[in-house]
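Following: one structure in structure tokens, then a few remarks.
The values are calculated or read from the model by the stated rules, or taken from the named source; none is laboratory data. Treat the numbers as computed from the prediction; the structure is a model and nothing was measured. Here Cβ is always computed from backbone atoms with ideal geometry, including for glycine, and neighbour counts include all displayed protein chains.
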Amino acid sequence: MKTLALAAAELGDEPEGRDATFEAARAGDRAAFDLLMRRHERLVLGTAYRLAGNLEDAQDASQEVFLRLYRNLAKLDAANLAAWLYRVTVNVCHDARRRRPSTVPVDDAPELTAAGDPQQSADQAEQRALLLRSLRMLSEKERAALVLRDLEGLSTAEVAGVLGSSMGTVRSQISKARLKMRDFVERYSRRRL
Amino acid sequence: MSCAIWEERVALLAGGDLETGEAAGVERHLNQCAACTALAADLRRELDGLRQVHAEPLAAEHYAAVRGRVLAELAKPQRRRLVWPWAWAAALAIAAAVVLVVVMTKPNAPPAPDLPQLVAVAPTVQRSRDRQGAVISTHVRRRRVRAGAPSVKEQRRLEVAEVLPPPQPAPPAVEASPVRMVQLATDDPNVVIYWLFEEKGEER
């Protein structure tokens with residue numbers, strides 16, 4: 001299981017917070033900040049993509065996250081940067097969704113069957129689309145918990161820290177999210193038959 | 001058998017979120033329940049599929065686009081970000097200065113005008129005699145005390161005090177029409193009746 005400490009190590013953040021790139025970026029070096037963004041762009045854009053559900057919104061959210069990172073470099077600690085980025089990404093996506101609700105209603109999900117036939121149901125691409133669509137059926141908090149725990153691989157305690165919730169709450173959100181996802185896929189499969 | 005109570009734990013087991021002891025309990029249930037076993041298998045398969053999808057990297061240009069937008073934003077002149085705080089600070093300073101000047105230059109409050117001395121003269125209390133000749137004040141109501149215990153009828157008898165109006169400093173030009181007031185005291189100390197009438201006995 002990947003933890004935030006491991007993620008930080010993979011990204012080049014030293015636990016002591018003496019990351020030269022980070023320090024240079026904090027001093028105003030734009031090239032260093034560019035490097036810092038490259039290190040964390042998969043974390044930010046990948047998470048935002050799963051939370052927002054589409055690339056355009058995810059890119060907007062990622063831009064906002066990195067701009068906030070730049071403005072807050074002086075206050076941040078390199079050792080806690082990954083957790084901070086996850087938290088801000090979740091918050092930015094949540095705010096964006098509140099300002100602009102999803103344009104894809106829940107009832108659109110069965111439309112995936114429109115041109116399909118039973119054989120195509122086994123198609124990997126369709127299954128992939130179905131799974132991604134099932135993410136959108138979840139509530140904001142359930143989706144965030146599931147994305148961080150199951151897709152980003154954070155521990156339950158780390159997810160709780162990022163979301164500002166208790167571990168019990170996160171466990172409940174994760175289990176409900178998984179069950180809802182499975183129900184959605186099952187309902188979809190029944191409609192196809 | 002309903003497995004609703006197991007579903008949440010099966011969902012946690014599928015993602016590896018149960019402690020060893022709790023996981024063993026759920027595994028024992030799975031050995032006896034085909035429905036929950038199928039649920040666990042579905043959940044694992046879907047989570048694996050989702051992880052594979054998520055692991056697929058996005059195209060490099062998507063990351064580059066974000067970086068480019070951020071750097072372009074940072075490259076913009078910071079004028080707006082710098083000017084506005086200064087503008088606010090300047091506006092506040094000017095407002096504070098104006099308030100200070102107004103307070104400092106404001107003339108002292110004018111002295112209070114000399115008010116004429118008003119001397120209130122206490123009205124003269126006139127006294128009258130009742131039928132028995134006792135003096136009854138307008139301010140103090142006296143209860144006549146007779147020797148021996150008073151009867152109930154006597155107690156209920158209203159005590160009447162005749163009060164003459166205080167002398168007016170400037171008598172009105174109209175014909176004087178003395179008004180008489182009778183204070184009627186009842187057994188209830190909270191109830192006092194005032195009866196105003198003119199000399200001829202007409203009620204006002």
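Structural remarks
- Restricting the stretch A:21-71 to residues that are under 14 Å from residue A:88 (Cβ atoms) and free of Cβ contacts under 8 Å to residues at least 12 places away in the same chain, the residue that is surrounded by the fewest Cβ atoms within 10 Å (Cβ to Cβ): A:71
- Boolean, residue B:53 is over 30 Å from residue A:72 (Cβ atoms), surrounded by 10 or more Cβ atoms within 10 Å (Cβ to Cβ) and more than 8 Å from every other protein chain (Cβ to nearest Cβ): no
- Taking the stretch A:171-193 as the range and being more than 9 Å from every other protein chain (Cβ to nearest Cβ) and either within 18 Å of the chain's Cα centre (by Cα) or surrounded by 17 or more Cβ atoms within 10 Å (Cβ to Cβ) (or both) as the test, the residues that pass are A:173, A:180, A:184, A:188.
- Condition met for residue A:96 (out of contact with any Gly (no Cβ under 9 Å at 6 or more places or on another chain), closer than 17 Å to residue A:135 by Cβ, assigned by TED's automatic domain parsing to the domain that holds residue A:31 and modelled with pLDDT of 95 or more): no
- Taking every residue in the stretch A:123-142 that is facing another protein chain (nearest Cβ under 9 Å) and pairing it with any residue that is surrounded by 17 or more Cβ atoms within 10 Å (Cβ to Cβ) and not in a helix (DSSP H, G or I), at least 6 positions away or on another chain, the pairs with Cβ-Cβ distances below 8 Å are A:132/A:53; A:135/A:53.
- Candidate set from the stretch B:19-41 (those that are more than 59 Å from the chain's Cα centre (by Cα) and of a type outside the set (A, V, I, L, M, F, W, C)); member that is nearest to the other protein chains (Cβ to nearest Cβ): B:37
- A count restricted to the stretch A:143-168 and to residues that are away from every other protein chain (no Cβ under 13 Å) and part of a helix (DSSP H, G or I) stands at 4.
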